[in-house]
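Colleague: Once you've had a glance at the structure underneath, I'll fire off some questions.
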Amino acid sequence: RMWRLALRSLVIAPGADFDLPVADMPLLYERWCALQVARALLELGVMVHFQKLIDPDDVDEPLVRVVGLPADTPLLIAEWQELRLVLRYQPRYRPGVAQVSMRPVSLDRHTRIPDVTIEITRADKPVLVLAFDAKYRLDAAGRGAPVDALAEAYAYAGAIGVPGAPPVTVAFLLYPGLGEAERYAGNAGAIPLLPGETTALVHILGAE
């Protein structure tokens, strides 16, 4: 159903980020979630300073807007309540040196690649990272987030941070469910996210 709705609401160019068959629904869900995180930031009222989600106007095709999710550059740089926000899609957090740094890195020997992150710069504090990992599946009961997927959220929360500083990453699993978002001890949580059911994500971003 999501796939059919996307075809009706978007003109998808061949080879574009959303030109995917229904068999690739997990990847489509991941990319849709990235757009919803960006949308949630805008609903909070952030002031956008830079964006790469939508290509600039084409002089020859003024009614065409090209939506993309580049992984090699921030999707969005914005300001909100004296905070600097940097939205990234599939950023790579590589192992960092064992010394205090303001740049978030992988705290173990593995490169960590969450689906979406928001890096939040605060005055005189380490960068806070909100990590989001999209999983297009439910638990055996068909209601909540699967435990193995939630384990990945805990892994991101513990493995991405600033060397020598207290934990600075909060990781959320995004899954196709209904209900309230859940925030757990250990800097992890789960947020249900479906078309028409995105308020839980906005509330979490405002709270964090």
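Colleague: Work out which helices of the chain, taken as complete DSSP H runs, extend at least 24 Å along their axis over the Cα atoms and score a mean Kyte-Doolittle of -0.5 or more, then list them.
Modeller: Span-like helices in the chain: 25-44.
Colleague: Can you give the FRET efficiency to the nearest 0.05 for A185 and E43, using r as the Cβ-Cβ distance and R₀ = 35 Å?
Modeller: Approximately 0.80, to the nearest 0.05.
Colleague: Rounded, prolate or oblate: which one fits the range 54-208, using the alpha carbon gyration tensor with axes a ≥ b ≥ c (rounded when a/c is under 1.5, else prolate when a/b beats b/c, else oblate)?
Modeller: Details: a/c = 1.67, a/b = 1.06, b/c = 1.57.
Oblate, since a/c reaches 1.5 and b/c is not below a/b.
Colleague: Something else about it: How about the range 74-130: which trypsin sites (Lys or Arg not before Pro) there are in a DSSP loop, with at most 15 other Cβ atoms within 10 Å of their Cβ?
Modeller: Working: sites: R84, R88, R92, R109, R112, R122; in loops: R92, R109, R122.
Filter output for the range 74-130: R92, R109, R122.
Colleague: Mind giving me the FRET efficiency for E208 and I54? R0 is 22 Å, r the Cβ-Cβ distance, nearest 0.05 is fine.
Modeller: Numbers: r = 25 Å, r/R0 = 1.15.
The calculated FRET efficiency here is 0.30.
Colleague: Can you tell me which of E30, E82, E152 moves the most in a GNM of the chain? Springs connect C-alpha atoms under 10 Å apart.
Modeller: Greatest mean-square fluctuation among the candidates belongs to E82.
Colleague: Which stretch or stretches of the range 138-159 have amide N atoms under 13 Å from the point lying 7 Å from L178's Cα along the Cα→Cβ direction?
Modeller: Residues passing the 13 Å test: 143-144.
Colleague: Can you tell me how the range 129-208 classifies by the Cα gyration tensor, rounded, prolate or oblate, using a/c under 1.5 as the rounded cut?
Modeller: Numbers: a/c = 2.56, a/b = 1.54, b/c = 1.66.
In terms of gyration-tensor shape, oblate.
Colleague: Tell me, in nm to one decimal, what length is gained between R103 and R4 on full extension, where the rule is 0.36 nm per residue of separation less the Cα-Cα distance? Mind dumping the intermediate values first?
Modeller: Details: separation 99, 0.36 × 99 = 35.64 nm, distance 4.08 nm.
Gain on extension, R103 to R4, equals 31.6 nm.
Colleague: Please compute the contact order of the chain in relative form: average sequence separation of alpha-carbon pairs under 8 Å and at least six residues apart, divided by the residue count, as a percent. List each step's numbers first, then the result.
Modeller: Working: 410 pairs, mean separation 32.2, N = 208.
Value for the chain: 15 percent.
Colleague: Post the alpha-carbon centroid distance, the range 66-95 to the range 128-148, in whole angstrom.
Modeller: What the calculation gives is 22 Å, centre to centre.
Colleague: What residue among L35, L130, L173 has the largest mean-square fluctuation in a Gaussian network model of the chain, using Cα springs under 10 Å?
Modeller: Taking springs between Cα atoms under 10 Å, the residue moving most is L35.
Colleague: Select from P195, P21, P95 the residue whose mean-square fluctuation is largest in a Gaussian network model of the chain (Cα-Cα springs shorter than 10 Å).
Modeller: P21
Each reported figure results from applying straightforward, stated rules to the coordinates on display, with no laboratory input. If you're wondering where the values come from, they're calculated on a predicted model, not measured in any experiment. Positions of Cβ are generated from backbone atoms using ideal geometry, with glycine treated the same way; all protein chains shown enter the neighbour counts.
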